[in-house]
Structures are given as C-alpha cells and as structure tokens.
Amino acid sequence: MKQEINYIGQADDKQLTAWKAKHGQVFVFEQIDAKDENTLHVTYVKKPNLTQIQRAINVAEDDMIKTGITLLNDCHLGGSEKVMENEELKLGVSSLMPGLFKKVTATLKEV
C-alpha cells in the first residue's frame, strides 16, 4: 500500500495569487527528502530578471553552482525552510535556476 505524501512548505492559493500579482511568473520545485521518501519539500521562486542574472554571473563567473545559489537566494519566495538550509536540497534547486531565464536568439542584418 502506497503511503500518503507529506508536503512541506506548500503555499495556499491566496499566497500563490499574491506572488503572481507581484512577480509575474512563479515556479515551484518539488524534491523528495533523501531520508524520507514520503516527504516532499516544496520551494517557490520567481523568474529571475536580467539584473539578477547579471549579478549571479558577476558573483560566480564560471562557477555554475554559485550562479545557481545566487539566483535562488535572489528569487526565493517561500516554501520549505529545509531547502534553504540543507546543502543537498539547495543544490538540487539551485542547479535548475539558470534554466528559468530563456535567452532569445536575434539576428542582425544590414538594411
């Protein structure tokens, strides 16, 4: 028999609506606790803006871990406190942060 999942840090609809009104796009990360497969840690972040991306790159240069952690610290909205305190959980979320900012390709032509 499958056990029920225990969600830690899940925001209610009112909070999600408030975050979306203030920040636009809001994303959620869900992670299984390594010590308890029935516990799911939830973390909410806003989409990073260009200034936050630049700061992360300046702080971290060629270190993708530092880049991701800087973005997570700048964009974190709420959720399970354990994600921000536990290095393994934090690394899991921060490694995906750079992917939230999509670079759009442009072309240049002489007219």
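Read-outs: derived from the displayed coordinates by stated rules, not from any lab. Remember, predicted model here, so these are calculated numbers, not experimental data. Cβ atoms come from the backbone with ideal geometry, glycine included; neighbour counts cover every protein chain shown.
Identify, please: which residue in segment 96-111 is free of Cβ contacts under 8 Å to residues at least 60 places away in the same chain and not in a loop (DSSP other than H, G, I, E, B) and is, among those, surrounded by the fewest Cβ atoms within 10 Å (Cβ to Cβ)?
Start the filter on segment 96-111 by keeping residues that are free of Cβ contacts under 8 Å to residues at least 60 places away in the same chain, which leaves 97-99, 101-111.
Of the ones still in play, those that are also not in a loop (DSSP other than H, G, I, E, B) are 97-99.
On the way: 97: 27, 98: 15, 99: 9.
Among them, the one singled out is 99.
Need the failing condition index for residue 10 against (1) within 16 Å of the chain's Cα centre (by Cα); (2) loosely packed, with under 12 Cβ neighbours inside 10 Å, just the number.
(2)
Kindly indicate whether residue 59 is surrounded by 14 or more Cβ atoms within 10 Å (Cβ to Cβ) and within 15 Å of residue 101 (Cα to Cα). Please lay out each step first, then the result.
Values: surrounded by 14 or more Cβ atoms within 10 Å (Cβ to Cβ): yes; within 15 Å of residue 101 (Cα to Cα): no.
Spelling it out, it is not the case that residue 59 is surrounded by 14 or more Cβ atoms within 10 Å (Cβ to Cβ) and within 15 Å of residue 101 (Cα to Cα).
Contact list please: Cβ distance under 8 Å, first residue in segment 36-47 and within 9 Å of residue 6 (Cα to Cα), second residue in a strand (DSSP E or B) and among the polar types (S, T, N, Q), pairs at least six apart or on different chains.
From segment 36-47, the pairs are 38/6; 39/6; 40/6; 40/31; 41/31.
Every residue, every condition in (1) surrounded by 18 or more Cβ atoms within 10 Å (Cβ to Cβ); (2) under 15 Å from the mean Cα position of the chain (by Cα); (3) without any contact (Cβ under 8 Å) to a residue 40 or more places away in the chain, yes or no:
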{"residue": "5", "(1), (2), (3)": "no, no, yes"}
{"residue": "16", "(1), (2), (3)": "no, yes, yes"}
{"residue": "28", "(1), (2), (3)": "no, yes, no"}
{"residue": "34", "(1), (2), (3)": "no, no, no"}
{"residue": "66", "(1), (2), (3)": "no, yes, yes"}
{"residue": "69", "(1), (2), (3)": "yes, yes, yes"}
{"residue": "73", "(1), (2), (3)": "no, yes, yes"}
{"residue": "94", "(1), (2), (3)": "yes, yes, yes"}
